[in-house]
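All remarks here apply to the structure that follows.
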Amino acid sequence: MHEIYEFDWSSIPGALPYLMHGMVISLEITASAVIFGIVWGTLLAMMRLSSISPLSWFAAGYVNLFRSIPLVMVLLWFFLIIPHLLETIFGFPRGTDLRFGSAIAGFALFEAAYYAEIIRAGIQSVPKGQISAANALGMTYGQGMWLVVLPQAFRNMVPLLLTQAIILFQDTSLVYVSALADFFGAAYKVGDRDGRLVEMLLFAGAVYFIICFAFSQLVRYYQKKLKVA
Amino acid sequence: MIIIDNVSKRYGDFQVLTDCTTKVGKGEVVVVCGPSGSGKSTLIKCVNGLEPFHRGEIKVNGVSVGDPKTVLAKLRAHVGMVFQNFELFPHMTIMENLTVAQLKVLGREKAEAEERGKQLLDRVGLGAQALKYPGQLSGGQQQRVAIARALAMDPVCMLFDEPTSALDPEMINEVLDVMTELAQEGMTMMCVTHEMGFARRVAHRVVFMDHGCIVEDDAKEAFFAHPSSERARQFLAKILHH
Ligand SMILES: Nc1ncnc2c1ncn2[C@@H]1O[C@H](COP(=O)(O)OP(=O)(O)O)[C@@H](O)[C@H]1O
Ligand SMILES: [Mg+2]
């Protein structure tokens, strides 16, 4: 005969400030990785589309490499190798907590590979005549890209970029491999401490679901509006 | 003003242009016509270097287009071009379309650029549309904006690539009227178009192309009265009788 599991949610209210702090870390990692990922992804996309073959090859290699290895492995490399490198090369004092920076760097470099593909498709969706028109007005390649092509490309891509950001937000939970107390890590620690792991993980799952679902509804709404315009 | 001397171009094995030679003098209006696929767009795009060419030479205002030392952006800033599909920038207002290159390419002050933009919008009869977006205008209006945008750069000559062939018939004249006025003011113009009424009114010369070659290059009167080649005669008969 086995006992029926009795749920006990009482450890949640007291842990809220700690969980909140974890959520801030999750959001900070997401936001920084999205921003750096888009900037680096845009450069990669432009290299990939460039007529200079070494640049194009480099970008293609980069994208294929990062899309072929598991994210958790990239993160582990960053947690294990980068702090070590910084200590030996730049003489950072031993034990400096670089996990936060490493996490952002790992996510940004990984996500850039995905953003690069989205942005490449976005750039290609802008009619070629637009570049001709920009050039015919005397704009350089850079001016045409910056003033004419990219603004249109990004307008078309916003829904995809935001959807990718939602995936990234969920993936930030992987930083638990470094014991960094993001939202998931914080929930896990509290549950472990109080012997209420099941409740805490259910609660954390519900929070992730609500945030991601609400955000993706917002993306869908924006997408509809874009189509009408 | 524009000198095209023995220009040839290939796409791989396909010869698009073969030994094309013609010129457009200052204040002259030259109409280029010919069947679809004969290389008219390619030729006119060679003039401002949007298309590279393999042999021959093109000079615009004394500057060689094919010379690797020529800064093409600089040359293009003073050669206006109008496209079949308008190619206005859809994410900018009409006024921004008219000022962006003045600001970023010519380095004009904002007030000056807007003043010039306003002048030209009024001139093409669209002064009231400055704050709208291209998508809110009809095709004819968009093409007039595109002409104004090119004129805002104070070009030494204007290139037109079938400016009316994407338009509904009732909008063709509003665009041709703007072009006619421009021609009468002495603008140097090279126009790819099948509007023979326009050619009769304002052209000085007509160039007829077929299979990448310039088959005829005549004064307007001579071209319409008695085209020397059979192909031009057939082409004219088809165009005038449809
Ligand atoms: N990028 C390209 N690659 C290969 N062939 C092309 C390309 N652009 C145009 N062509 C070919 O060159 C020929 C001339 O094209 P074009 O100059 O556009 O003719 P037109 O403007 O007189 O209709 C056409 O047969 C077309 O198929
Ligand atoms: Mg054409």
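Here the stretch A:11-228 is assigned +1 on the Cβ of each Lys and Arg and -1 on the Cβ of each Asp and Glu. Its dipole about the Cα centre then comes out at about 760 debye.
So which residue, out of B:96, B:112, B:28, gets the largest mean-square fluctuation from a GNM of chain B using Cα contacts under 10 Å as springs? Among B:96, B:112, B:28, the largest GNM mean-square fluctuation belongs to B:112. Taking the charge dipole of the stretch B:123-242 about its Cα centre, with +1 at Lys and Arg Cβ atoms and -1 at Asp and Glu Cβ atoms, the residue from B:183, B:224, B:167 reaching farthest to the positive side is B:167. Taking chymotrypsin sites (Phe, Trp or Tyr not before Pro) as candidate sites, keep only those in a DSSP loop with at most 15 other Cβ atoms within 10 Å, then name the longest stretch of chain A containing none of them. Between exposed loop sites, the widest span is A:10-229. Projecting the Cα atoms of A:174, A:119, A:38 onto the charge dipole of the stretch A:11-228, computed from C-beta unit charges around the Cα centre, puts A:119 farthest toward the positive end. Each 5 Å bin from 0 upward holds the following percent of the Cα-Cα pairs of the stretch B:59-199: 2, 10, 20, 22, 20, 14, 8, 3, 0, 0. For residue A:89 and residue A:56, a Förster radius of 45 Å and the Cβ-Cβ distance give a FRET efficiency of 0.90, rounded to the nearest 0.05. Normalised by the number of residues in chain A, the average gap of Cα pairs under 8 Å and 6 or more apart makes the relative contact order 29 percent. Within straight-line reach of residue A:189, meaning a Cα separation under 22 Å, there are no lysines at least 8 residues removed in sequence or on another chain. At most 12 other Cβ atoms within 10 Å plus a DSSP loop assignment makes a site exposed; report the longest stretch of chain B without any exposed trypsin sites (Lys or Arg not before Pro). The reported range is B:70-242. Taking B:83, B:223, B:14 as the candidate residues, the one with maximal mean-square fluctuation in a Gaussian network model of chain B, Cα springs under 10 Å, is B:14. Considering only alpha-carbon pairs that sit under 8 angstrom and 6 or more positions apart, the relative contact order computed for chain B is 27 percent. Placing unit charges on the Cβ atoms only, positive for Lys and Arg and negative for Asp and Glu, gives the protein assembly as shown a dipole magnitude near 620 debye about its Cα centre. Among the trypsin sites (Lys or Arg not before Pro) found in the stretch A:67-165, those both in a DSSP coil and sparsely packed, with 16 or fewer other Cβ atoms within 10 Å of their Cβ, are A:94. Considering only A:91, A:122, A:185, the mean-square fluctuation computed in a Gaussian network model of chain A, springs between alpha carbons under 10 angstrom, is largest for A:91. Shape class of the stretch A:11-228 from the alpha-carbon gyration tensor: oblate, with a/c at 1.5 or above and b/c at least as large as a/b. If a paramagnetic tag sat 7 Å from the Cα of residue A:72 along the Cα-Cβ line, which residues of the stretch A:174-211 would have the backbone N under 13 Å from that point? Answer for the stretch A:174-211: A:174-179. When the pairs B:23/B:118; B:104/B:132; B:69/B:118 are compared against a 31 Å limit on Cα-Cα distance, B:23/B:118; B:69/B:118 fall above it.
The calculated FRET efficiency for the pair residue A:18 and residue A:141, based on their C-beta separation and a Förster distance of 35 Å, comes to about 0.10. Remark: the stretch A:11-228 carries 51 Å² of accessible area per residue (probe radius 1.4 Å; ligands, DNA and RNA excluded).
Remark on the protein assembly as shown: Rg and Dmax equal 30.6, 108 Å (Cα only).
The Cα center of the stretch B:26-69 and the Cα center of the stretch A:153-175 differ in position by 46 Å. The aspartates and glutamates whose alpha-carbon is closer than 12 Å to the alpha-carbon of residue B:9, local same-chain residues fewer than 8 away aside, are B:19, B:51, B:57. Between A:63, A:129, A:73, the Cα set farthest toward the positive side of the dipole of the stretch A:11-228 (charges on each charged residue's Cβ, about the Cα centre) is that of A:129. Backbone amide hydrogens, once placed in the peptide plane, bring residue B:32 within less than 5 Å of B:191, B:192, B:193, B:207, excluding anything fewer than 5 places away on its chain. Rounded to the nearest 20 debye, the dipole size of chain B about its Cα centre is 400 debye, using +1 on the Cβ of Lys and Arg and -1 on the Cβ of Asp and Glu. Residues in the stretch A:42-51 carry Karplus couplings, in order, of 5, 4, 4, 4, 5, 5, 4, 8, 6, 7 Hz; the curve used is 6.51 cos²θ - 1.76 cosθ + 1.60 with θ = phi - 60°, and Gly or Pro positions show x.
The values are calculated or read from the model by the stated rules, or taken from the named source; none is laboratory data. A quick note: this is a predicted structure, and the numbers were derived from the prediction, not measured. Counting neighbours? That spans all protein chains shown, and the Cβs are built from the backbone with ideal geometry, glycine included. These area figures cover heavy atoms from the full protein model, side chains too; ligands, DNA and RNA do not enter into them. Shrake-Rupley method; radii C 1.70, N 1.55, O 1.52, S 1.80 Å.
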